[in-house]
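For reference, the structure is listed below as structure tokens.
The values are calculated or read from the model by the stated rules, or taken from the named source; none is laboratory data. Because the structure is predicted, anything quoted here is derived from the model rather than measured. Glycine also receives a Cβ, built like all others from the backbone with ideal geometry; neighbour counts cover every protein chain displayed.
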Amino acid sequence: MATRSSAKAKSDMEINAEHAAEAVKEVARRIRETSQAVRGSVKTFKDSGAIIEMAEATRDAALAARDSTRDVRDTVKEVERSGVVSDTAAAMDETIDAVAETAKAGEHTANQVPKAAPKTTKMVKRGVSQARKTIKKQVPRVKRNVAVLQKRAKSIAKSVAEKTALAE
């Protein structure tokens, strides 16, 4: 019995070895086919001009980005030099002062009304009171907004200047 099982094991090994050899041949054939397909694809890409076209498109995009960055930088510098932001902030401050003066004038007027028109005194006092409350509420908010706008303008100008310096 020992000879019979060893003979069977020997024939199984031969079959397994044959299968392994066939598998290796199949792999080699697939490698050849794949390399030929790759070679053909590379040739097709080269002949079609797609690679050159992609490189040119990338160059054009880079140049457009550079030019756009320069335009933004120049615009920010122009805005900074023109003083538009600081002029706007100053105008807002002047507006706040004018509103405060108007409120005082309204109060002064309201103090004169009781003598001239006693019946409307209550109405005027209510109006002045409401105006004063509104102004007191709005003045700090407007001042904060002006400060925020000034900070943003400086931050944007600085950011653009840094990005432009990096782009050059």
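Every listed requirement among (1) at pLDDT 75 or above; (2) loosely packed, with under 12 Cβ neighbours inside 10 Å; (3) of a type in the set (Lys, Arg); (4) over 30 Å from residue 76 (Cβ atoms) is met by residue 144 save one, (4). Taken over region 114-130, the criterion of being assigned to a helix (DSSP H, G or I), at pLDDT below 80 and among the small types (Gly, Ala, Ser) is satisfied by 116, 127.
If you check 2, 17 for being surrounded by 10 or more Cβ atoms within 10 Å (Cβ to Cβ) and either at pLDDT below 85 or at negative phi (or both), only one passes: 17. In region 46-85, the qualifying residues are those that are among the basic types (Lys, Arg), more than 25 Å from residue 147 (Cβ to Cβ) and more than 21 Å from the chain's Cα centre (by Cα), and the one that is modelled with the lowest pLDDT is 46.
Scanning region 75-88 turns up one or more residues that are of a type in the set (Ser, Thr, Tyr), surrounded by fewer than 11 Cβ atoms within 10 Å (Cβ to Cβ) and out of contact with any His (no Cβ under 6 Å at 6 or more places or on another chain).
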